[in-house]
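Report on the structure given below.
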Amino acid sequence: MVVLDVPAMVHVSTSCNANFHTTGAHYMNADTTAFMQFLTADLFKDFPTLRFIIPHGGGAVPYHWGRYRGLAQDMKRPPLPDLIRDNIFFDTCVYHLPGIRLLLNVIPADNVLFGSEMVGAVRGVDPETGHYFDDTKRYIDAVPSLSDADRGKIFEANARRVYPRINRLLAD
């Protein structure tokens, strides 16, 4: 990954355990687990240019940011903003406006990538809004506190930073 200058998305597949609903529990748990593994490892000290995307807004990470800050402190790990700055990114496949607001209140805009799903975990239309649940752009557009600069980062600039080979392809 370092040699190729490519990121990786940490995304699981189905669970072998029928007790864990794949998209409602297993995915969220795995996203959260991945973050904890990054927090406890020295991976980025050894490979400072590695970049990972954790889907689904990071699972429970934004919701429990204070817990992870405290765990990092107790374990003598770097502060979370330093840990994620150049290496960990979260996408916006969160499926509702309050979740997007939380994600953007907790995670710096520099670490959020636009993500939406054509055939996501929920394939239906939200009866409260009349829109598909996985139409995530409209949620980002509905956050009035998000600056145009941060909106530009989420929709384009961060992707160009996380996937730098895109810039070379677009320049041709």
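The values are calculated or read from the model by the stated rules, or taken from the named source; none is laboratory data. Small disclaimer: the values here were computed from a predicted structure and weren't measured. In this analysis, Cβ positions are derived from the backbone assuming ideal geometry, glycine residues included, and neighbour counts consider all displayed protein chains. What goes into the accessible areas is simple: the full protein's heavy atoms, side chains included, and nothing from ligands, DNA or RNA. Shrake-Rupley method; radii C 1.70, N 1.55, O 1.52, S 1.80 Å.
Some notes on this structure:
- Total charge dipole magnitude, segment 1-118, about the Cα centre, Cβ charges on Lys, Arg, Asp, Glu only, Debye to nearest 20: 320
- Among Thr129, Thr92, Thr22, the sequence by solvent-accessible area, most first, with a 1.4 Å probe is Thr129, Thr22, Thr92.
- Förster radius 30 Å - calculated FRET efficiency between Asn17 and Arg123 (Cβ-Cβ, nearest 0.05): 0.80
- For segment 1-92, accessible area per residue (1.4 Å probe, heavy atoms of protein chains only), Å²: 55
- Kirkwood-based shape ratio for segment 1-159, expressed as Rg/Rh from alpha carbons: 0.97
- Beta bridges from DSSP with both residues in the chain: antiparallel share about 10 percent, rounded to the nearest 5.
- For segment 100-160, the solvent-accessible area of protein heavy atoms averages 56 Å² per residue (probe radius 1.4 Å; ligands and nucleic acids excluded).
- Aspartates and glutamates whose Cα lies under 16 Å from that of Lys153, excluding same-chain neighbours fewer than 8 positions away: Asp86, Asp91, Asp110, Asp141
- Rolling a 1.4 angstrom probe over the chain with all protein chains present gives an accessible area of which 57% lies on carbon and sulfur atoms.
- In Å, descending, principal axis extents of the Cα set of segment 31-104: 36, 25, 18
- One equal scatterer on each Cα of segment 1-70, no solvent, Debye formula: the resulting log10 I(q)/I(0) at q = 0.13, 0.28, 0.29 Å⁻¹ is -0.44, -1.22, -1.25.
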